[in-house]
1. Among the residues that make up the stretch 34-54, is at least one of them over 20 Å from Ala101 (Cα atoms) and among the aromatic types (Phe, Trp, Tyr)?
2. Can you tell which of Ala28, Ala98, Ala67 is small (Gly, Ala, Ser) and in contact with a strand residue (DSSP E or B) (Cβ under 9 Å, 6 or more places away or on another chain)?
3. Kindly indicate whether any position in the stretch 73-90 is under 19 Å from Tyr60 (Cβ atoms) and either within 14 Å of the chain's Cα centre (by Cα) or without any contact (Cβ under 8 Å) to a residue 60 or more places away in the chain (or both).
4. Being modelled with pLDDT of 95 or more, closer than 20 Å to Val34 by Cβ, touching a helix residue (DSSP H, G or I) at 6+ places or on another chain (Cβ under 7 Å) and surrounded by 17 or more Cβ atoms within 10 Å (Cβ to Cβ) is true for just one of Ile51, Ile97. Which residue is that?
5. Please determine, by comparing only the residues of the stretch 1-40 that are in a loop (DSSP other than H, G, I, E, B), modelled with pLDDT of 90 or more and within 30 Å of Ala67 (Cβ to Cβ), which one is farthest from the chain's Cα centre (by Cα).
Amino acid sequence: METFPMLSVYDQKPWQKAYPKWLPKTLAFSEETVLDRFCGSVSRSPDDPCICYFSKTYSYKEINQMAVSVCSVLEQSGIVKGDRVIVLMQNIPQAVIASIAVWMLSAVVVPLNPMYTVEDLNCYLKDCGARFFSARTIFTKKK
């Protein structure tokens, strides 16, 4: 008896019907990480703008220097490859700096929304097994 492989809906890729004709059905992906790309930009263009936040512009060199400093603190705190580190911040430069610092140690960033309730945060803390928590926020009791 001959058997035929089962195709899942995923294998059929029905979403591709919505693609514009000019968009390729398959994309080539690089093995580079975000950290690889960032470090490449630091090497090639250290003085170029990396982050513009309100009236302040930070160069790749400045962001890298701050990330290296944070990385040092994380390392001194015992963070090692594979550890999960919660980054609880809004969309601010410090969130980017903290993430880069975590990646420099080959650790895992767990980005969480600072608007989460204490109950939500407890749930995520238990679920992800983070060893370190980085935040720039003021917690107030919910009324």
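1. yes
2. Of Ala28, Ala98, Ala67, the one residue that is small (Gly, Ala, Ser) and in contact with a strand residue (DSSP E or B) (Cβ under 9 Å, 6 or more places away or on another chain) is Ala98.
3. There is no residue in the stretch 73-90 that is under 19 Å from Tyr60 (Cβ atoms) and either within 14 Å of the chain's Cα centre (by Cα) or without any contact (Cβ under 8 Å) to a residue 60 or more places away in the chain (or both).
4. Numbers: Ile51 fails: surrounded by 17 or more Cβ atoms within 10 Å (Cβ to Cβ).
It is Ile97.
5. Filtering the stretch 1-40 for residues that are in a loop (DSSP other than H, G, I, E, B), modelled with pLDDT of 90 or more and within 30 Å of Ala67 (Cβ to Cβ), the one farthest from the chain's Cα centre (by Cα) comes out as Glu31.
Residue by residue, here is whether (1) of a type in the set (Gly, Ala, Ser); (2) in contact with a Pro (Cβ under 7 Å, 6 or more places away or on another chain); (3) part of a helix (DSSP H, G or I); (4) on the phi > 0 side of the Ramachandran plot holds:
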{"site": "Val42", "(1), (2), (3), (4)": "no, no, yes, no"}
{"site": "Val68", "(1), (2), (3), (4)": "no, no, yes, no"}
{"site": "Ile79", "(1), (2), (3), (4)": "no, no, no, no"}
{"site": "Val102", "(1), (2), (3), (4)": "no, no, yes, no"}
{"site": "Asp120", "(1), (2), (3), (4)": "no, no, yes, no"}
{"site": "Ser134", "(1), (2), (3), (4)": "yes, no, no, no"}
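The values are calculated or read from the model by the stated rules, or taken from the named source; none is laboratory data. Everything numeric here is computed off the predicted structure, so don't read it as measured data. Don't worry about glycine lacking a Cβ; one is built from the backbone with ideal geometry, like all the others, and counts go over all protein chains shown.
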